[in-house]
Amino acid sequence: MKPTNINDPEYFHKVVDCQYACPAHTPVPEYIRLIAAERYTEAYMVNWESNVFPGVLGRTCDRPCEPACRRGRVEEKPVAICRLKRVAADNKGEVRHLMPQVPFPSNGKKIALIGGGPASLTVARDLAPLGYEIHLYDDQRKGGGMMRSQIPAFRLPESVLDEEVNYILDLGIHTHFNRYVQSMGEVLAQDYDAIFVGTGAPRGGDLPKLPGRQEGAANIHIGIEWLASVAFEHTSKIGKKVIVLGGGNTAMDCCRTSMRLGGESVTVVVRSPFSDMKASPWEIEDAQREGIVIRNCMPPKEFVVEGGRLKGILFEHVEAVYDENGRRSLVPTGEPDEFIEADDVLVAIGQENAFPWIERDLGIEFGKWEMPVVDPVTFQSTNPRVFFGGDAAFGPKNVITAVAHGHQAAISIDQYCHKKDLHERPAPAVNLFHQKMGIHEWMYDSYVVEDPRYKVPHADNTVALKDRRFEVELGFAPETGFMEAQRCLNCDVQTVFTESLCIECDACVDICPTSCITFTHNGEENDLRTRLNAPANLLSQDLYVSHQLPTHRVMIKDENVCLHCGLCAERCPTAAWDMKKYLYQVTKTCKVWDAAGSVLETV
Amino acid sequence: MTYLRPKFRHPELPRNARGYTRQYYEGALSTLCAGCGHDSISGAIIQACFEMAIEPHRLAKLSGIGCSSKTPTYFLGNSHGFNSVHGRMPSVATGANLANRDLIYLGVSGDGDTASIGMGQFVHALRRNLNITYIVMNNGCYGLTKGQDSATADEGSVNKAGIANPFQGIDLAGLAIELGATFVARSFSGDREQLIPMIKAAMAHEGFAFIDVLSPCVTFNNNPGSTKSYDFVRQHIEATAAVDYIPEKSEITTEYEEGTSKVIRLHDDSLVQLHKLALGWDPSDRGLAFARLHESRARGEILTGIIYLEPQTRDLHNMLNTVAQPLNTLREEDLCPGIAALEQINEENR
């Protein structure tokens with residue numbers, strides 16, 4: 001293998017599994033260390049710079065970071081990264097003075113943002129400090145988009161959402177709420193230098209052809225529409241017996257909201273097996289904790305309506321059969337169909353994009369499934385003035401992905417407005433900080449605790465189910481937050497090897513708790529992976545290969561389960577191994593907070 | 001600040017024939033200097049015992065005093081151990097071995113503990129062919145007392161203070177061959193590929209198996225001019241042959257060209273396969289081994305590998321004709337069978 005190029009910013013970035021997995025690449029270990037140091041305000045700002053909605057995401061994020069967490073590979077469960085973010089948000093001090101301060105001198109450019117969700121708000125935050133005049137349009141009465149209309153208040157209190165939406169709106173954004181944009185042509189006709197579309201995926205899936213759908217319509221609701229009408233207080237009740245169709249996170253929100261609006265017997269029915277459910281495991285767990293029954297392998301056959309009133313749904317029993325290509329088909333088991341009674345049914349079987357308001361003659365090309373053709377790097381549509389982001393760009397994903405889109409779209413818009421090449425993307429900002437303080441002392445807490453993951457306390461069902469606004473998760477107390485923060489392995493503190501200093505004494509090989517380091521003769525990667533001190537079977541994890549050493553061997557480190565404990569560097573008599581903190585930051589249009597500044601102070 | 005080693009291990013660590021991972025053979029965290037050759041030898045011992053699937057309770061490690069003799073704390077934490085008086089490990093080992101011949105004995109000593117204060121004990125254990133693997137971690141200096149020249153420091157070797165050693169160094173391997181040792185080997189802490197199979201062969205050998213391991217002292221004897229520094233040893237090393245240890249009931253899988261390899265069958269039917277053999281080399285020829293050691297020393301080279309091996313030997317128990325059962329398990333009725341047995345013996349001798 002060729003020697004690893006550690007000057008490539010992506011090499012060490014990839015070692016920080018959580019940050020690498022995060023669409024917005026938030027420097028996770030950095031803010032976790034700040035939380036452990038009780039520096040919640042800075043921890044919040046490190047987040048805010050990167051993901052814009054720390055309080056919201058600390059409660060509702062899809063957490064792509066957690067399955068990636070290295071801790072989950074040496075023990076059962078990853079660090080509770082998401083809920084630690086909430087600890088920072090809950091315990092922070094005053095932050096407004098740390099954010100960009102209005103007024104910003106105008107740069108003479110004017111931008112329209114259609115839709116007031118996370119993608120648009122991110123664009124607004126990134127562009128406002130540069131002096132853009134930003135107009136945000138939304139048909140709701142407040143900003144936040146799906147964070148407001150689809151995430152129930154018992155998971156995300158309105159006050160938290162308002163706070164973080166307002167941090168952005170207060171940057172001098174011109175808001176046009178309660179305004180449904182009916183024509184893109186009209187917007188284009190105005191003097192906006194660029195237009196960003198962040199309208200989400202507003203259309204909920206339905207079962208229009210299922211018998212009884214028309215007749216029972218009064219008691220059959222589309223999940224996301226129903227959640228929005230609850231959020232905006234048009235709906236405050238539901239029948240005692242509720243069936244929720246669907247197995248995604250929206251279904252979980254629907255069933256849990258039903259429990260709070262009068263539902264007594266709430267059943268979620270999924271057509272596929274449990275293992276194929278799209279909902280996050282913790283959302284399923286939370287629903288079950290509240291007494292919700294989830295049935296699987298039961299596709300609906302018919303809405304049963306009697307005397308003009310919905311009585312329930314008739315379900316078929318199926319099993320999943322997979323062909324040799326792994327393709328699934330649901331095959332009836334032959335068991336008799338099952339009837340489940342229901343006063344109301346919530347259909348939560350997916351979401352779709354819809355752009356009825358964009359005329360098709362504006363140079364905005366639409367491709368498959370009536371989706372706009374969007375450049376995956378620049379987020380520009382085929383009309384150079386129009387950009388898309390969030391669910392509107394590539395279909396339903398999640399908040400953190402929308403934020404990541406927003407940052408990139410903001411860069412593109414800024415470059416477009418200054419007539420620069422959109423494909424010349426700014427390089428990430430990276431820093432490597434020495435951590436050595438003494439023979440056995442590092443600037444980071446290198447000790448690896450063995451505690452299993454701490455559980456976030458929940459409010460008792462008897463209290464939580466009475467009020468749809470009562471936040472059911474109580475969040476980590478600062479003390480528990482500290483203990484959980486200590487579980488972080490500090491994967492951003494990199495093991496950096498300098499071959500010219502190595503005397504090949506094997507001290508690092510012997511001390512490494514997880515047998516990551518091997519000195520051997522070089523070879524092809526496939527061959528090398530079989531010759532290491534411990535199996536290196538996780539191919540997504542890189543091998544760190546040195547230049548050739550005096551004995552004609554090379555140092556090979558399998559990054560997979562490195563605990564970043566620093567023992568190799570402590571044991572190294574010549575400092576050929578060194579522990580260096582790596583800070584990788586996605587470059588934004590403007591610097592709203594300098595994480596490197598806080599890093600330098602972190603001891 | 002870390003003086004503790006995390007308990008997490010690689011989740012897919014391989015298991016040996018007994019079902020143990022390497023972790024089961026580890027000891028406490030070493031307190032020796034970072035980069036000490038001794039730690040590397042400890043690592044090789046751990047690996048050898050893991051690969052041989054030794055049950056830790058079947059092994060006793062014995063040591064004297066010195067940096068080297070501290071190391072048994074850092075390996076085989078689940079085995080028996082005795083940290084004896086300076087230079088007196090061989091007599092403690094002899095006693096232990098006589099009392100319980102069923103254990104595997106691993107003696108760990110240093111150049112001071114063996115070649116200076118313990119020389120008298122060392123040579124007698126050797127000539128009695130005590131069944132033990134005796135490893136000398138040889139760094140040519142007294143590391144624990146700040147690096148004075150030891151008895152194995154080569155003549156002319158420059159110490160950290162810049163002074164050349166005026167005395168002749170003792171070649172422990174040559175001495176062992178001269179005194180009739182049945183397994184004599186030399187290796188280097190930085191060459192595990194050689195050291196690990198060598199330790200395995202030594203432990204399988206019935207009789208006194210001596211391994212002189214050059215083990216640089218990073219703190220006091222790793223300076224230019226020292227003949228026991230990492231750089232010097234690497235530049236002057238000369239191997240008699242590469243060593244493979246093939247356990248009993250396994251087959252030789254690697255074939256080598258005629259005349260370049262040699263297979264030696266040990267008493268337990270395990271095999272030692274030597275390959276990349278030096279020209280004209282025969283490790284079972286004591287005279288030749290002795291001569292080769294001298295020649296390479298004269299050339300300023302350090303000869304490593306299994307230098308002499310006499311597989312079929314009689315160890316101390318055989319020579320003394322002791323009972324097969326470990327002495328410490330003999331009950332009073334075995335040792336004092338009573339008046340009737342005495343009468344019978346007397347009768348037989350009348």
Lone unmet requirement of (1) crowded, with 19+ Cβ neighbours inside 10 Å; (2) touching a Leu at 6+ places or on another chain (Cβ under 8 Å); (3) in a helix (DSSP H, G or I) for B:Asp113: (2)
Residue that is in contact (Cβ under 8 Å) with a residue 12 or more places away in the chain and within 14 Å of another protein chain (Cβ to nearest Cβ), where the choices are B:Ser261, B:Ser270, B:Ser226: B:Ser226
Any hit, region A:104-121, residues being exposed (fewer than 15 other Cβ atoms within 10 Å of the Cβ) and touching a Ser or Thr at 6+ places or on another chain (Cβ under 6 Å): no
Subset of region B:32-49 (residues that are surrounded by fewer than 24 Cβ atoms within 10 Å (Cβ to Cβ) and without any contact (Cβ under 8 Å) to a residue 40 or more places away in the chain): B:Ile46
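Give the number of residues within region A:157-183 that are aromatic (Phe, Trp, Tyr) and either part of a helix (DSSP H, G or I) or within 20 Å of the chain's Cα centre (by Cα) (or both).
The number of residues fulfilling the criteria is 1.
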Residue identified as in the same structural domain as A:Glu215 (by TED's automatic domain parsing), surrounded by 24 or more Cβ atoms within 10 Å (Cβ to Cβ) and not β-branched (Val, Ile, Thr) among A:Ala392, A:Ala342: A:Ala342
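Yes/no per residue for (1) within 24 Å of B:Leu32 (Cα to Cα); (2) touching a strand residue (DSSP E or B) at 6+ places or on another chain (Cβ under 9 Å):
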| residue | (1), (2) |
| --- | --- |
| B:Phe167 | no, yes |
| B:Ile170 | no, no |
| B:Glu178 | no, no |
| B:Ile196 | yes, yes |
| B:Thr240 | no, yes |
| B:Lys249 | no, no |
| B:Thr254 | no, yes |
| B:Thr260 | no, yes |
Residue pairs meeting the criteria (Cβ under 7 Å; at least 6 apart or on separate chains; first closer than 18 Å to B:Leu214 by Cα, in region B:111-122; second of a type in the set (A, V, I, L, M, F, W, C) and outside any helix (DSSP H, G or I)): B:Asp111/B:Val136; B:Asp111/B:Ala151; B:Asp113/B:Ile65; B:Thr114/B:Val136; B:Ala115/B:Ala151; B:Ala115/B:Ile170; B:Ser116/B:Ala151
Filter result (at pLDDT 95 or above and in contact with a helix residue (DSSP H, G or I) (Cβ under 7 Å, 6 or more places away or on another chain)) within region A:121-141: A:Leu121, A:Thr122, A:Val123, A:Ala124, A:Arg125, A:Asp126, A:Leu127, A:Leu130, A:Ile134, A:Leu136
Breaking point among (1) surrounded by fewer than 15 Cβ atoms within 10 Å (Cβ to Cβ); (2) more than 30 Å from B:Phe220 (Cα to Cα); (3) not small (Gly, Ala, Ser), for B:Leu4: (2)
Restricting region A:561-579 to residues that are more than 8 Å from chain B (Cβ to nearest Cβ) and surrounded by 19 or more Cβ atoms within 10 Å (Cβ to Cβ), the residue that is farthest from the chain's Cα centre (by Cα): A:Ala576
Strands (runs of 3 or more DSSP E) completely within region A:481-574 that count 2 or more residues being among the hydroxyl-bearing types (Ser, Thr, Tyr) and over 30 Å from A:Arg86 (Cα atoms): A:517-520
Strands (runs of 3 or more DSSP E) wholly inside region A:184-286 containing at least 2 residues that are under 30 Å from A:Leu474 (Cα atoms) and among the β-branched types (Val, Ile, Thr): A:241-245, A:265-269
Failed criterion for B:Ile41 (all others in (1) in contact with a helix residue (DSSP H, G or I) (Cβ under 6 Å, 6 or more places away or on another chain); (2) closer than 30 Å to A:Trp442 by Cα; (3) outside any loop (DSSP other than H, G, I, E, B) hold): (1)
Region A:291-319, residues that are surrounded by fewer than 19 Cβ atoms within 10 Å (Cβ to Cβ), in a strand (DSSP E or B) and either out of contact with any strand residue (DSSP E or B) (no Cβ under 7 Å at 6 or more places or on another chain) or among the aromatic types (Phe, Trp, Tyr) (or both): A:Glu306, A:Arg309
Residues of region B:179-232 classified as touching a helix residue (DSSP H, G or I) at 6+ places or on another chain (Cβ under 6 Å) and among the charged types (D, E, K, R), total: 4
Residue in region B:96-103 that is within 14 Å of another protein chain (Cβ to nearest Cβ), of a type in the set (S, T, N, Q) and out of contact with any Pro (no Cβ under 9 Å at 6 or more places or on another chain) present: no
Where B:Ala17 falls short, out of the listed (1) within 29 Å of B:Gly140 (Cβ to Cβ); (2) small (Gly, Ala, Ser); (3) in contact (Cβ under 8 Å) with a residue 24 or more places away in the chain: (1)
Every residue from region B:205-223 that is among the small types (Gly, Ala, Ser) and either surrounded by fewer than 24 Cβ atoms within 10 Å (Cβ to Cβ) or under 22 Å from B:Leu103 (Cβ atoms) (or both): B:Gly207, B:Ala209
Residue match in region A:531-547 (condition: within 14 Å of chain B (Cβ to nearest Cβ), of a type outside the set (Val, Ile, Thr) and crowded, with 23+ Cβ neighbours inside 10 Å): yes
Residue in region A:135-144 that is of a type in the set (A, V, I, L, M, F, W, C) and in contact with a Leu (Cβ under 9 Å, 6 or more places away or on another chain) present: yes
Flag if A:Glu450 is surrounded by 19 or more Cβ atoms within 10 Å (Cβ to Cβ), within 14 Å of chain B (Cβ to nearest Cβ) and within 30 Å of A:Ile556 (Cα to Cα): no
Qualifying positions in region A:348-394 - in a strand (DSSP E or B), out of contact with any Phe, Trp or Tyr (no Cβ under 7 Å at 6 or more places or on another chain) and more than 16 Å from A:Ala201 (Cα to Cα): A:Val386
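The values are calculated or read from the model by the stated rules, or taken from the named source; none is laboratory data. Predicted model, so just to flag it, every value in this text is computed and none were measured. In this analysis, Cβ positions are derived from the backbone assuming ideal geometry, glycine residues included, and neighbour counts consider all displayed protein chains.
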